[in-house]
Structures are given as structure tokens and as C-alpha cells.
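Colleague: Input: one structure, supplied below.
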Amino acid sequence: MGRPKGALPLRAEGETIVQRVVRVLTEAGVPRVVVVTGAHPSVAETVDVGDPRVTVVHHAGWSAGQLSSLQCGLRWLQASGPLEAAVVTLVDVPFVQAGTVVRLLEAWHDRRAPIVRPISGAQHGHPVVFDACVFGDLLEADPAQGAKPVFRAHAAQILNVPVQDEGAFVDVDTPEEFADALRRMGGPGN
């Protein structure tokens, strides 16, 4: 992207990607939000750490991959108190709606499935809710392989929740994808 994704502005009034992700999670009622920074710790400067529900944790080993960052955040959450489940999302999936997060959490609460994720047709997206019963698997997984082995191990128990939220499936990895997503999802000034 040429600069940190989390610091990219989504609105004319200056809301960044990471600010939007945090806002959506807190609006959905997630009681503790951990922003794990890595290659660009300066992204944390845009996060409202005055909100007691929000914590920024820097992961020095970020280069080991996404799963290592998830493991870092999960360890921090577990050390801070009891935890029944974790809602996990990526900074490059910034357009998910709070209602989708609420729906996923309700589905997890009703069924207590090990993994709950949004789907649209054959496509699955973010965020993903991991029940505490898979935390050990996530923490022991090889960061080089990512979370895919954990998904495979629990494939028969995954709860796929159909959603109509295009934002749960919009992944922004390049400047072109970002520009396209802003046009489709509503960007600066909208």
C-alpha cells in the first residue's frame, strides 16, 4: 500500500481504517478490544486509548505472520481476565458493519460453536468468533501455516452465518482495491 493500512483515511473527517474497525467492534458491544500492531506501531497513535475497552499491544514478532499477531492478542486477553470467546478481524477488512458482529456473537452465544464466521454463498469472511475451546489449538498452531489447520481440525463444527453485509468480504490489500472499496462501500465524504 505504500503506507500503513490502518492509518489510511476512510472519511473526509479523518476516520482511519483502524479507528473504524475499533468503532464497529465497540458499537457491537465487544467488551474488550485489543489492537495488535506490528510493522507500523505508529498506527496505534490513531486509536482512542482513552476508552477503557480499548488496548493497543505491540507485537515485536509480527514478521512471523498473521497468526503470530492473533496469538499475541489472545495471550494478552487471557492474561487480563476470563475469556469465553474472541472476535478476530483483520485491518484489511475495514467495511464490516456492527450489525454483522452482533449477529455473529448472537450465533456463537446460541450454539457455542468453536468457530463462527460470516458467509455469503461459498465465500467466508470476517470477523471470526473463536470459542475458548479452540484457544489452545490457536496458541499451539505454527504461525508459518496460519490458522488454516485449526479451521480444518474443527471443520465439522464451524458455524457459518449467512450475512448480507458486503463489507465482511471486502479485503483491501492494494491501492487499487482500496480505491475500489471506497467507491463501492462509501468513502471520504460519505
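The values are calculated or read from the model by the stated rules, or taken from the named source; none is laboratory data. In this text, all values refer to a predicted model and were calculated from it rather than measured experimentally. Neighbour counts run over all protein chains shown; Cβ positions are idealised from the backbone, glycine included. Accessible surface is based on the protein model in full, side chains and every heavy atom, while ligands, DNA and RNA are left aside. Shrake-Rupley method; radii C 1.70, N 1.55, O 1.52, S 1.80 Å.
Results for (1) under 18 Å from residue 126 (Cα atoms); (2) without any contact (Cβ under 8 Å) to a residue 12 or more places away in the chain; (3) of a type outside the set (S, T, N, Q); (4) open to solvent by 50 Å² or more (accessible area, probe 1.4 Å), shown as yes or no for each residue.
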position	(1), (2), (3), (4)
4	no, no, yes, no
7	no, no, yes, no
14	no, yes, yes, no
21	yes, no, yes, no
25	yes, no, yes, no
28	yes, no, yes, no
35	yes, no, yes, no
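Colleague: OK, next. Taking only segment 115-154 into account, find how many residues are open to solvent by 60 Å² or more (accessible area, probe 1.4 Å) and part of a helix (DSSP H, G or I).
Modeller: First, the residues of segment 115-154 that are open to solvent by 60 Å² or more (accessible area, probe 1.4 Å): 121-124, 133, 137, 140, 142, 144-145, 148, 152-153.
Checking which are part of a helix (DSSP H, G or I) leaves us with 133, 137, 140, 148, 152-153.
The qualifying residues number 6.
Colleague: Open to solvent by 20 Å² or more (accessible area, probe 1.4 Å), farther than 19 Å from residue 68 by Cβ, at pLDDT below 95 and not hydrophobic (A, V, I, L, M, F, W, C): does that describe residue 166?
Modeller: yes
Colleague: In the set 103, 111, which member is surrounded by 15 or more Cβ atoms within 10 Å (Cβ to Cβ) and of a type in the set (Lys, Arg)?
Modeller: Of 103, 111, the one residue that is surrounded by 15 or more Cβ atoms within 10 Å (Cβ to Cβ) and of a type in the set (Lys, Arg) is 103.
Colleague: Same structure, new question: Could you run through segment 55-74 and say how many residues are assigned to a helix (DSSP H, G or I), out of contact with any strand residue (DSSP E or B) (no Cβ under 9 Å at 6 or more places or on another chain) and open to solvent by 40 Å² or more (accessible area, probe 1.4 Å)? So that I can check it myself, show each step before the final result.
Modeller: Pass one, segment 55-74, residues assigned to a helix (DSSP H, G or I): 62-64, 66-74.
Subsequent filtering for residues that are out of contact with any strand residue (DSSP E or B) (no Cβ under 9 Å at 6 or more places or on another chain) retains 63-64, 66-68, 71.
When the remaining residues are screened for being open to solvent by 40 Å² or more (accessible area, probe 1.4 Å), the result is 63-64, 66.
Of the residues in that region, 3 qualify.
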